[in-house]
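The block underneath contains the structure these notes are about, expressed in structure tokens.
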Amino acid sequence: MVNRRALVAILLGVIPLSQVPIDIYTPAIPHMAEELGASTTLVQNTVAAYVLGMSLGLLPMGIVADARGRKRTLLVGLALLLVTSVGIALTSDIWLLLGLRFLQGVGGCSCMVIVYAIAADISRGRELTSLSGWLGASWGLAPVLAPAVGGALVQFVSWRGIFVLVAALALIAGVVVWRLLPETLDPAKAEPIRPRVIAHVLGSTLRQKLFIGLTLVFAVFATAQLLFGVVAPLLYETALGLPPAAYGLIALLVGAANLAGELATGSLATRISSRMLGFSALASFTLGAVILFASGLLVGPQLVLITVGGMFVMLGCGALCPMAYGLALGLFDRNLGLIGGLTSAACYLFVAVAMGAAAALPDDTQTPLGAIYVLCAALGLALLLACLPRPSRTGAPPASVTAA
């Protein structure tokens, strides 16, 4: 039996694979468009295709993981991620690429929803929120490291080498999970796949106002987080004329801010209130949004201002996303795969729509991106005020809900 530290280490190693296929190839988007003879907009939509696959796969993956076990379901997801990555590396057809990216997202989603279900199997309360932060920090390594690696690969090898690397990572993760990961689902809590029961659980869950609010917080700031990764390559490479490797290094810096926010949630969730953590993160996000919007209006594309604004935005997103996810999942003590899948599916459907719309944003100014972020900040403020009210005199935390 693997001890808790080793188990957590495995989870920390697997969860970035849900995000790596998004961030690692964004520096290659202009080069892929040229080689495949497709428009930049169409190639950008390969990001939306992946996210759509994630969003539609999350709920079924969670349901199967609640019925058949975490380990077996995760292995199937990793196998799908491996096969589709090889297919993408070999294809020269943009439409086949879009289809494979969708299926790749279905495989990649298992690395998120099942990892969080395992976390909820072994932790509760503030400990779960803290573990969610550490998992978010590991997930956040993708926006930090992946664009730099992808930028170097596309400049010195080929964009196809990027997806060969993703396939290799999926293979390594699959071997580790197969050999070392224990099954954490308590047999007494296994939920057979019964449509009526699933519908009842979903209905009762969606009546929980706090769950809805926290899920929306996660969706808004996850969208803001991923939006920067889609728009930024064109701002830096097209508007400012930077080579892909140089953009990768800047993405490393911006991603480090995102990672710092996730580390803050991991380390502070057990020390300070969620209200203090949430509103502090929102203040950082709002500052970054204002910098991006105002600089776009006043001076136009400018490397330092885009980077500094992006760093403050990512710092806020990095703290808010795992905090909201951990608090939402912590409301329940059964059907954790289903609940986690519902939370993530709602979020990534939101993200998929936003990513598709992002392809129409101008690539010569940061003003539209800044305006979207200002709106996100206003919506985030309203949601946090509703979800994180001032504590009552008793200071009692919300009770767990048995969703069955």
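Numbers for the structure displayed
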quantity	calculated
Boolean, Val313 is more than 14 Å from Gly380 (Cβ to Cβ) and either at pLDDT 90 or above or not acidic (Asp, Glu) (or both)	no
Residue list for the range 168-193, filter: surrounded by fewer than 18 Cβ atoms within 10 Å (Cβ to Cβ), part of a helix (DSSP H, G or I) and among the small types (Gly, Ala, Ser)	Ala168, Ala188
Selection count where residues are touching a helix residue (DSSP H, G or I) at 6+ places or on another chain (Cβ under 9 Å) and open to solvent by 40 Å² or more (accessible area, probe 1.4 Å), scope the range 195-207	1
Any chance Met112 is within 30 Å of Met32 (Cα to Cα), crowded, with 24+ Cβ neighbours inside 10 Å and among the aliphatic types (A, V, I, L, M)	yes
Single match in Ala79, Ala48, Ala117, Ala67 (criterion: within 19 Å of the chain's Cα centre (by Cα) and under 26 Å from Arg5 (Cα atoms))	Ala117
Sole exception among (1) surrounded by fewer than 20 Cβ atoms within 10 Å (Cβ to Cβ); (2) of a type in the set (Val, Ile, Thr); (3) modelled with pLDDT of 95 or more for Ile272, by number	(3)
Residue list for the range 308-334, filter: of a type outside the set (A, V, I, L, M, F, W, C), open to solvent by 10 Å² or more (accessible area, probe 1.4 Å) and out of contact with any strand residue (DSSP E or B) (no Cβ under 8 Å at 6 or more places or on another chain)	Gly330, Arg334
Filtered residues of the range 348-381 (kept if assigned to a helix (DSSP H, G or I), modelled with pLDDT under 80 and open to solvent by less than 20 Å² (accessible area, probe 1.4 Å))	Tyr348, Val351, Ala352, Met355, Ala358
Residue that is surrounded by the fewest Cβ atoms within 10 Å (Cβ to Cβ), among those in the range 208-265 that are touching an Asp or Glu at 6+ places or on another chain (Cβ under 8 Å) and among the hydroxyl-bearing types (Ser, Thr, Tyr)	Thr238
Residue in the range 116-123 that is surrounded by fewer than 20 Cβ atoms within 10 Å (Cβ to Cβ) and of a type outside the set (Asp, Glu) present	yes
Residue in the range 75-97 that is closer than 16 Å to Ser344 by Cα, touching a residue at least 24 places away in the same chain (Cβ under 8 Å) and crowded, with 19+ Cβ neighbours inside 10 Å present	yes
Filtered residue count, the range 177-206, keeping only those that are within 20 Å of Gly77 (Cα to Cα) and either free of Cβ contacts under 8 Å to residues at least 12 places away in the same chain or basic (Lys, Arg) (or both)	1
Filter result (of a type outside the set (A, V, I, L, M) and assigned to a helix (DSSP H, G or I)) within the range 257-272	Asn258, Gly261, Glu262, Thr265, Gly266, Ser267
Hey, Thr343 within 22 Å of Val47 (Cβ to Cβ), in a loop (DSSP other than H, G, I, E, B) and at pLDDT 80 or above or not	no
Residue list for the range 299-330, filter: under 18 Å from Lys209 (Cα atoms) and not in a helix (DSSP H, G or I)	Gly330
Selection within the range 48-82 - at pLDDT 90 or above and basic (Lys, Arg)	Arg70, Lys71, Arg72
Residue within the range 71-79 that is charged (D, E, K, R), in a helix (DSSP H, G or I) and more than 24 Å from Val149 (Cβ to Cβ) present	yes
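The values are calculated or read from the model by the stated rules, or taken from the named source; none is laboratory data. Nothing here was measured: the structure is a model prediction, and the numbers come from that model. So basically every Cβ, Gly included, is an ideal-geometry build from the backbone, and we count neighbours across all protein chains shown. Note: accessible area is taken over every heavy atom of the protein model, side chains too, but ligands, DNA and RNA are not part of it. Shrake-Rupley method; radii C 1.70, N 1.55, O 1.52, S 1.80 Å.
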